[in-house]
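To start, the structure under review is shown below, and the notes come after it.
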Amino acid sequence: MSNVAVIGAGAWGTSLAIVLGRKGTHRVRLWAREKEVLESASSHRVNELFLPGHTLPVSALVTGSLEEALGGAEIVVSVMPSQHCRHLFEEMRKFLGSGVMFVSATKGLEEGTLLRMTEVIAMVLRDTGTESAPRIGALSGPTFAKEVARGDPTAISIASKDTALAETVQREFSDPGFRVYTNTDVVGVELGGALKNIIAIAAGVCDGLGLGHNSVAALITRGLAEITRLAVACGGRQETMSGLAGLGDLVLTCTGGLSRNRSVGVELGRGRQLSEIIAGMHGMVAEGVFTTHAAVELARVHGVEMPITTQMDAILHQGKPPRDAIRDLMTRSAKSETG
């Protein structure tokens, strides 16, 4: 049996622990910071705070100790919110053994540095003074945690330049309900997963304003176009944006009722303030709220035009009325669709 540590016991981290635990071939340690998660998992093996109704397998232990979670771990899956990634890995590194494989399942960009999560992890781990580069992959695709946990057929990508790591994750994570594809485009897979959350908030705004299917279809299509422009400018591949971590995740998050990012947009469209919406999420994170400003800055650095992302930044962080943002998008200068 292999030892796997899952760091972050939100809905997504818990569902991955369920996937890994149900195989019966792993010893899984799920690290949780929240007292409520530790208590509910200890008493009846359910994460009542973030993923109620889904029981953790007996092979998955929930712990509040990083040392216990990471001791002997061969694979470490990081599923913490993006803004906690750096300081958590700084805490984790003293408990890590040699030869560990890291799988980043967080979809976001670090504010300030504009780094992807695998870049943050690599930076922190290189600071330990080791000569060898850490072995890292990015796991992303169209996945709602509740559906993954109950075993609905799901497909996802593991991206890494380390072929052996990607093949190991594919083999160790896959089961009849969870199919893993390999990819070498880490940049594209990570940016697809991060940037789609911005478009999902915009899709929610459309719903909150009572707009129809035409508007959302146009938003998804043009949203994919600007995500692709930025991903390619950063070194990603265009074909990745047509895959699971690009179009697949974008469609799911823009149309699915389980999307937290879309739900934030719905409430914004109904006229609620962002601070009020966030306060009502009870600790759950909508990564797109943080990613939007970082994406605008990243686009500026690379000279890429991202009109939808720019308007969403204005709505989220400057208080711009959604209808004004839509008007400004629709009255921009005429463009070629393919130019």
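The values are calculated or read from the model by the stated rules, or taken from the named source; none is laboratory data. For clarity, every value in this text was computed on a predicted model and none was experimentally measured. Positions of Cβ are generated from backbone atoms using ideal geometry, with glycine treated the same way; all protein chains shown enter the neighbour counts. Please note that ligands, DNA and RNA were not included when accessible areas were found on the heavy atoms of the full protein model with its side chains. Shrake-Rupley method; radii C 1.70, N 1.55, O 1.52, S 1.80 Å.
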Discussion item. Based on this model, can you work out whether ALA105 counts as modelled with pLDDT of 95 or more, open to solvent by less than 30 Å² (accessible area, probe 1.4 Å) and farther than 22 Å from LYS196 by Cα?
Written reply: no
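What number of residues in region 205-235 are open to solvent by less than 50 Å² (accessible area, probe 1.4 Å) and assigned to a helix (DSSP H, G or I)? Can you show your working first?
Applying the first criterion (open to solvent by less than 50 Å² (accessible area, probe 1.4 Å)) to region 205-235 yields 205-206, 208-209, 212, 215-216, 219-220, 223-228, 230-231, 233-234.
Those left that are additionally assigned to a helix (DSSP H, G or I): 205-206, 208, 215-216, 219-220, 223-228, 230-231, 233.
Going through region 205-235 one residue at a time, the tally reaches 16.
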Worksheet item: Going by the conditions given, is THR113 in contact (Cβ under 8 Å) with a residue 12 or more places away in the chain, closer than 25 Å to MET241 by Cα and out of contact with any Pro (no Cβ under 7 Å at 6 or more places or on another chain)?
Response: no
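Residue-by-condition table, conditions (1) over 25 Å from SER40 (Cβ atoms); (2) at pLDDT below 95:
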site: LEU56; (1), (2): no, no
site: THR63; (1), (2): no, no
site: VAL77; (1), (2): no, no
site: PHE89; (1), (2): yes, no
site: THR113; (1), (2): yes, no
site: THR128; (1), (2): yes, yes
Worksheet item: Is region 184-203 home to any residue that is hydroxyl-bearing (Ser, Thr, Tyr) and touching a helix residue (DSSP H, G or I) at 6+ places or on another chain (Cβ under 6 Å)?
Response: no
Worksheet item: Applying the selection to region 236-286, what residues are in a helix (DSSP H, G or I), among the small types (Gly, Ala, Ser), out of contact with any Cys (no Cβ under 9 Å at 6 or more places or on another chain) and open to solvent by less than 70 Å² (accessible area, probe 1.4 Å)?
Response: ALA245, GLY246, GLY248, SER263
